[in-house]
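Asks: I'd like to ask some things about the structure below.
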Amino acid sequence: MGFLKAFSVSWKGNQALRAHTKGEFEKAKALYHEAIDEGGLLEARAMLGYSLLLIREGSYEQAMALLLKAQKAPDLTPDRKSQLFVDYAACCARTGRLEKGIQLLEKQHSRTPIGLTYQTLGYLYVEELAQGKPVADESTVVMVPGPHEFSEPVPGEGLTVEEKQEIIDRQWQEKIDRTVKLIDDALEYDDEDPVCLDNKGQLLYRILGDKAAAKEWFLKAHEEKPSQIDTLWFLSRYDVEAGDNAAAIEKLETILEGRISALNHVTKDMVDEELARLKG
């Protein structure tokens, strides 16, 4: 790429970032696209910015392709690399590849554990558990340790349904223990992080079934960040249970003033449907 063309691409990337920062998302997207058409974005920060817009509009496959390209950018700092892995994991979660997203983010977190990876990994662990514990039948395939210490897991053969279920139960408990530890470690890392506080609440509410204990954590998260979307959703559930629909409606309407992302439990459709029901 010639100097003038490279300068044009870089300039458009910078202009896109400025528009993005100002909330001019359509303008930013057009500039990002022009930069790509002229030879590709050269900087990780611009590619990460564009991928974020793509994720927000649900263009996950396109975002994933851009994130893979960003891995080779010369300005990929450790913090940007963590953001890249988080965004890629979010795309995996939204495209039916949650386990792959978790595995990739676990590797990055083990290399560079920071607040962002604590937040996202805790959320993804809860989402994985929320899918429910599998129930074994004759066709179920379970993975067991390989023949030696360094082997990859292999399919268990010749097992009864009961034996398969025992393995599933054990693996399920290991995932719960892993999730509890990660979220508790996150809160030890930063006990005022609103996302990690919310993750603790969601673990108790959605997985462990302790709504009373969960409420304390949601209230702590809300105190730290009153606009946090998932926290508002779960607190609105307590309002509905208490018969205070007006308070629930206020929280739900506040959610719609924010920006729901790929890493939120709640979706715009969920909020719209619940508002219609409560106002109905």
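The values are calculated or read from the model by the stated rules, or taken from the named source; none is laboratory data. Note that this is a predicted model, so its numbers are computed, not measured. Here the Cβ is made from the backbone with ideal geometry for all residues, glycine too, and neighbour counts use every protein chain on show.
Asks: Identify, please: which residue in region 72-94 is more than 12 Å from the chain's Cα centre (by Cα) and over 17 Å from Thr117 (Cα atoms) and is, among those, surrounded by the fewest Cβ atoms within 10 Å (Cβ to Cβ)?
Replies: Among those residues, the one meeting the criterion is Pro74.
Asks: Could you check how many residues of region 171-199 are within 30 Å of Val135 (Cβ to Cβ) and of a type in the set (Asp, Glu)?
Replies: The first filter runs over region 171-199 and keeps only residues within 30 Å of Val135 (Cβ to Cβ), leaving 171-184, 198-199.
Still in the running and of a type in the set (Asp, Glu): 174, 177, 184, 198.
Residues that pass the stated criteria total 4.
Asks: Among the residues that make up region 210-227, is at least one of them at positive phi, assigned to a loop (DSSP other than H, G, I, E, B) and either among the charged types (D, E, K, R) or surrounded by fewer than 17 Cβ atoms within 10 Å (Cβ to Cβ) (or both)?
Replies: Residues of region 210-227 that are at positive phi, as a first pass: none.
Looking through region 210-227, none of the residues is at positive phi, assigned to a loop (DSSP other than H, G, I, E, B) and either among the charged types (D, E, K, R) or surrounded by fewer than 17 Cβ atoms within 10 Å (Cβ to Cβ) (or both).
Asks: May I ask you to list the residues in region 233-267 that are among the basic types (Lys, Arg) and at pLDDT 95 or above? Break it down stepwise before answering.
Replies: Start the filter on region 233-267 by keeping residues that are among the basic types (Lys, Arg), which leaves 237, 251, 259.
Residues satisfying the conditions are Arg237, Lys251.
Asks: Given the structure, is Glu274 assigned to a helix (DSSP H, G or I), within 27 Å of Tyr60 (Cα to Cα) and not small (Gly, Ala, Ser)?
Replies: Numbers: assigned to a helix (DSSP H, G or I): yes; within 27 Å of Tyr60 (Cα to Cα): yes; not small (Gly, Ala, Ser): yes.
Here the answer is yes, as Glu274 does meet what is asked.
Asks: Moving to a separate point now. If I filter region 110-123 for residues that are within 18 Å of Ile55 (Cα to Cα) and among the small types (Gly, Ala, Ser), do I get at least one hit?
Replies: no
Asks: While we're here: Hey, Ser110 hits all of (1) over 13 Å from the mean Cα position of the chain (by Cα); (2) in contact (Cβ under 8 Å) with a residue 12 or more places away in the chain but one; which does it fall short on?
Replies: Failing condition for Ser110: (2).
Asks: Give all pairs with beta carbons closer than 7 Å in which a residue from region 247-272 that is farther than 11 Å from Asp230 by Cα meets a residue that is buried (at least 19 other Cβ atoms within 10 Å of the Cβ) and among the hydroxyl-bearing types (Ser, Thr, Tyr); count only pairs at least 6 apart in sequence or on separate chains.
Replies: Ala248/Ser236
Asks: Tell me which residues, restricted to region 132-163, are under 26 Å from Leu203 (Cα atoms) and either surrounded by 13 or more Cβ atoms within 10 Å (Cβ to Cβ) or in contact with a helix residue (DSSP H, G or I) (Cβ under 6 Å, 6 or more places away or on another chain) (or both).
Replies: Within region 132-163, the subset under 26 Å from Leu203 (Cα atoms) is 132-136, 142-143.
Answer for region 132-163, where residues must be under 26 Å from Leu203 (Cα atoms) and either surrounded by 13 or more Cβ atoms within 10 Å (Cβ to Cβ) or in contact with a helix residue (DSSP H, G or I) (Cβ under 6 Å, 6 or more places away or on another chain) (or both): Lys133, Pro134, Ala136, Val142.
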